[in-house]
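Below: the structure, in structure tokens.
The values are calculated or read from the model by the stated rules, or taken from the named source; none is laboratory data. Keep in mind the model is a prediction, meaning the values are calculated, not measured. Glycine gets a Cβ as well: all are built from the backbone with ideal geometry, and neighbour counts include every protein chain shown.
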Amino acid sequence: MDTAVIIVAAGRGTRAGGDLPKQWREIAGKPVARWTLEAFAHLPRLLLVIHPDDRARATAVCAGLPVTLVEGAGDRAGSVRAGLAALAGDPPARVLIHDVARPCVPRTVIDAVCAALDHAPGAAPALAVTDALWTGAGGHVTGTRDRAGLFRAQTPQGFRYDAIASAHAAHPGGAADDVEVARAAGLDVAIVPGEERNLKITGPEDFARADALLKEQRMDIRLGNGFDVHRFGEGDHVVLCGVAVPHGRGLQGHSDADVGMHAVTDALYGAMAEGDIGRHFPPSDPQWKGAASEIFLRHAVDLAVSRGFAISNIDVTLICERPKITPHAPAMIAEMARIMGLSADRVSVKATTSERLGFTGREEGIAAIATATLVRS
């Protein structure tokens, strides 16, 4: 069904402190309102209800998003009615109404509300009250209240459009939220599970909590894997992870045939969806004949850094019967760490055999498999 979203952002947010209304203040590098709009950007119709004085600021915040700006009223209910009226010319089947001050709303909560509207005229997320409830006066406890059946309301609150528009038109005002308006009109409202991270920014301390949640949410973690094989040929050593290891044969390849470093390089490219070494350094290009594989690895590292990624760790396994890798592993780790600008505890080089099976078991060549983790925050 066609779904529209009304995000109410006309308030002045004075309890939150600061020089700006809270919806225009920045957290985790973006204004609160931008985070909230992006949370609903997967839905087809977005309305942001604003104070008339905020139009220029709102226009800038909405840049690149298909948002319709609507001027609100002096209270929340009036702003919701303004949003509903703006949809009346082409009414959606259902509408979600959300507080701009809840920028951390998870997609799972939004989807749950939408799904519940397939079976009910209204739906809203909530968390069951788990703390003991007291009454008090003068700084002292005066009594307790039963918490059974009590919930902490959240948004978005969703409704069939026609039903909530009629409910708001008939309501005298003063409702705590749209669920109260709906229930006053006799609408059934289903409860869907809310989430603690869907907090509402009210006071100054809430900015720090929301900032931490959004920074965690936007962390971009990438995994890539690489696999490479080189056959044996003439020579008296092999180069593995940047270390020359004495051996009765060498490895054949267009470059120096460092099978371990090639696997790690491809793992880094893979984590960035950048193909493999051959895309960046074609073997048909004679300038790379006999080239040190450090050139390829350094390019992949520099590309990751240029895109804002930090390399969290790399892990490479060399597969061969001989030469024996373990005695040389510390030197390989040190060399790989040097090239990549990492501490040695973020680089793993290990080896295994194939139990005399396959081409590695017949000592026809060496294979390597690698995994790389990239993190961007």
Those strands (runs of 3 or more DSSP E) completely within the range 125-231 that have 2 or more residues that are in contact with a strand residue (DSSP E or B) (Cβ under 8 Å, 6 or more places away or on another chain) and in contact (Cβ under 8 Å) with a residue 12 or more places away in the chain are 140-145, 151-153, 157-160, 189-193
- request: For the range 352-372, state whether one or more residues are closer than 30 Å to E216 by Cβ and part of a loop (DSSP other than H, G, I, E, B).
  value: no
Selection status of I110, touching a strand residue (DSSP E or B) at 6+ places or on another chain (Cβ under 8 Å) and either crowded, with 21+ Cβ neighbours inside 10 Å or not assigned by TED's automatic domain parsing to the domain that holds D211 (or both) = yes
Counted residues in the range 350-375 being exposed (fewer than 14 other Cβ atoms within 10 Å of the Cβ) and either within 30 Å of A212 (Cβ to Cβ) or among the small types (G, A, S) (or both) come to 1
Those residues of the range 302-317 which are in a helix (DSSP H, G or I) and surrounded by fewer than 20 Cβ atoms within 10 Å (Cβ to Cβ) amount to D302, L303, V305, S306
**Request:** Please verify whether the range 346-363 includes one or more residues that are of a type in the set (K, R) and touching a Ser or Thr at 6+ places or on another chain (Cβ under 6 Å).
**Result:** yes
Matching residues in the range 258-290 (in a loop (DSSP other than H, G, I, E, B) and surrounded by 15 or more Cβ atoms within 10 Å (Cβ to Cβ)) number 5
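Listed here are the residues, each with its yes/no results for (1) at pLDDT below 95; (2) over 20 Å from A82 (Cα atoms).
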{"site": "T14", "(1), (2)": "yes, yes"}
{"site": "A28", "(1), (2)": "yes, yes"}
{"site": "V32", "(1), (2)": "no, yes"}
{"site": "L37", "(1), (2)": "no, no"}
{"site": "A41", "(1), (2)": "yes, yes"}
{"site": "P66", "(1), (2)": "yes, no"}
{"site": "L69", "(1), (2)": "no, no"}
Taking the range 232-255 and keeping residues within 19 Å of A351 (Cβ to Cβ) and in contact with a Ser or Thr (Cβ under 8 Å, 6 or more places away or on another chain) leaves V239, G242
Counting only strands (runs of 3 or more DSSP E) wholly inside the range 4-103, the ones holding at least 3 residues that are aromatic (F, W, Y), within 24 Å of the chain's Cα centre (by Cα) and within 20 Å of A210 (Cβ to Cβ) are none
A careful count of residues in the range 33-67 that are touching a Gly at 6+ places or on another chain (Cβ under 9 Å) and farther than 17 Å from I110 by Cβ gives 4
Scanning the range 48-102 for residues that are more than 19 Å from F159 (Cα to Cα) and either in contact with a His (Cβ under 7 Å, 6 or more places away or on another chain) or not assigned by TED's automatic domain parsing to the domain that holds H171 (or both) gives G72
